[in-house]
Amino acid sequence: CRRPWSRATLAYLLWPDLPEKNAQSNLRNALSNLHHVLGDQQADPPYLHISPATLQFNNASDYWLDVRAFLDLLPKVGPDEDLLSDQAEITRLEQALALYRGEFLEGFALASAHFEEWMILTREQIRRKLVDTVRLLALAHAQLGNLAVSSTFTQRWIELEPWDEAAHRHMM
């Protein structure tokens with residue numbers, strides 16, 4: 001999170017069916033438990049910035065997050081086929097792909113339509129980046145003459161998007 005979230009927004013997001021007072025109480029309890037589980041009191045800097053009105057994840061804390069690591073390894077611009085000849089970029093894409101273990105928050109659910117909408121949108125954005133990464137790796141390895149490796153990435157591309165004619169053409 002690059003910005004603070006109001007406690008009221010988070011309480012509503014997590015407990016939309018409860019009265020605001022009860023949702024705020026649940027949030028206080030959850031934050032207390034999270035603070036304890038994370039060992040935030042001993043962390044320097046702490047993982048969370050908590051104020052009476054807001055909550056924010058501290059990006060300066062000593063954390064590792066698989067999604068952040070995956071995204072950080074991807075090109076900062078859109079998928080660019082000019083990257084295909086840059087071995088360092090190919091290696092970065094392969095490292096990013098190795099981090100991907102499944103859909104964003106797979107198996108996680110909250111009884112909140114707002115949270116569900118955010119989660120589905122985020123899941124699709126990450127999945128799109130995954131498909132772009134697999135496609136670029138298939139094309140890069142084919143261009144380098146590594147046809148067996150290209151075939152492996154192309155098969156994954158087809159598994160991710162079986163309707164994509166470009167993937168099938170590339171496999172042929």
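The values are calculated or read from the model by the stated rules, or taken from the named source; none is laboratory data. Quantities reported herein were computed from a predicted structural model and do not represent experimental measurements. Cβ placement follows ideal geometry from the backbone for every residue including glycine, while neighbour counts extend to all protein chains displayed. What goes into the accessible areas is simple: the full protein's heavy atoms, side chains included, and nothing from ligands, DNA or RNA. Shrake-Rupley method; radii C 1.70, N 1.55, O 1.52, S 1.80 Å.
Rounded to whole Å and sorted largest first, list the principal axis extents of the Cα atoms in segment 30-120.
Principal extents (largest minus smallest coordinate, Cα): 51, 35, 22 Å.
In whole Hz, with x marking every Gly and Pro, tabulate ³J(HN,Hα) for segment 94-110 from phi via Karplus 6.51 cos²θ - 1.76 cosθ + 1.60, θ = phi - 60°.
5, 5, 4, 4, 5, 7, 6, 10, x, 5, 4, 6, 4, x, 9, 8, 10
How much length, in nm to one decimal, is gained on full extension between Gln87 and Ile120, taken as 0.36 nm per residue of separation minus their Cα-Cα distance?
Numbers: separation 33, 0.36 × 33 = 11.88 nm, distance 3.32 nm.
Gain on extension, Gln87 to Ile120, equals 8.6 nm.
Given the Cα-Cα distance of Phe108 and Trp5 and 0.36 nm per residue of separation, how much length would full extension add, in nm?
Here the segment from Phe108 to Trp5 would lengthen by 35.0 nm.
Would you grab the residues whose amide H sits under 5 Å from the one on Leu48? Only those 5+ places off in sequence or on another chain, please, with H modelled 1.01 Å from N.
When sequence neighbours closer than 5 places are left aside, the close amide H contacts are Asn58.
Roughly how many percent of the accessible protein surface of segment 91-165 is carbon and sulfur, given a 1.4 Å probe and a whole-percent answer?
The nonpolar share, carbon plus sulfur, comes to 57 percent.
Please name which of Thr152, Leu27, Pro52 has its Cα lying farthest along the dipole of the chain towards the positive end, using unit charges on Cβ (Lys, Arg +1; Asp, Glu -1) and the Cα centre as origin.
Pro52
With +1 on the Cβ of every Lys and Arg and -1 on the Cβ of every Asp and Glu, and nothing else charged, how large is the dipole of the chain about its Cα centre, in debye rounded to the nearest 20?
Details: 16 positive and 23 negative charges, 93 e Å.
Once rounded to the nearest 20, the dipole reads 440 debye.
Please name whichever of Val67, Ala142, Pro16 sits farthest to the positive end of the charge dipole of the chain, dipole taken about the Cα centre and charges placed at Cβ: Lys and Arg +1, Asp and Glu -1.
Pro16
Along each of the three principal axes of the Cα atoms of the chain, give the extent in whole Å, ordering the values from largest to smallest.
62, 36, 24
About the Cα centre of segment 107-172, how large is the charge dipole given +1 on each Lys and Arg Cβ and -1 on each Asp and Glu Cβ? Please answer in debye to the nearest 20.
The calculated dipole for segment 107-172 is roughly 220 debye.
In the neighborhood of Leu130, defined by Cβ-to-Cβ distances under 12 Å, what is the net charge if each Lys or Arg adds +1 and each Asp or Glu adds -1?
Cβ neighbours under 12 Å give a net charge of +2.
5 Å is the cut-off here: which amide hydrogens, built 1.01 Å from N in the peptide plane, fall below it relative to Trp5, excluding neighbours closer than 5 in sequence?
Sorted by chain and number, the residues that satisfy this are Leu55, Gln56.
Helix-only estimate, please: 222 nm mean residue ellipticity of the chain, summing -39500 (n - 2.57) across DSSP H runs of length 4 or more and dividing by its residues, to the nearest 500.
-19000 deg cm²/dmol
Can you run phi through the Karplus equation (6.51, -1.76, 1.60; θ = phi - 60°) for segment 12-20 and list ³J(HN,Hα) in whole Hz, with x for Gly and Pro?
5, 4, 7, 10, x, 8, 8, x, 3
Residue-wise, which Karplus ³J(HN,Hα) couplings in Hz belong to segment 53-62, taking 6.51 cos²θ - 1.76 cosθ + 1.60, θ = phi - 60°, and x for glycine or proline?
Using θ = phi - 60°, the values come out as 10, 9, 9, 8, 6, 8, 5, 7, 6, 8 Hz.
At what distance in nm do the modelled label points of Asn146 and Leu18 sit from each other, each positioned 7 Å from its Cα along Cα→Cβ?
5.1 nm
What number comes out for accessible area per residue over the chain if the probe is 1.4 Å? Units Å², please.
That works out to 63 Å² for each residue.
Could you rank the peptides 120-127, 86-93, 101-108 by their average count of other C-beta atoms within 10 Å per residue, with the highest value first? Walk me through the numbers on the way to the answer.
Values: 120-127: 13.2, 86-93: 15.0, 101-108: 11.1.
Result, highest mean first: 86-93, 120-127, 101-108.
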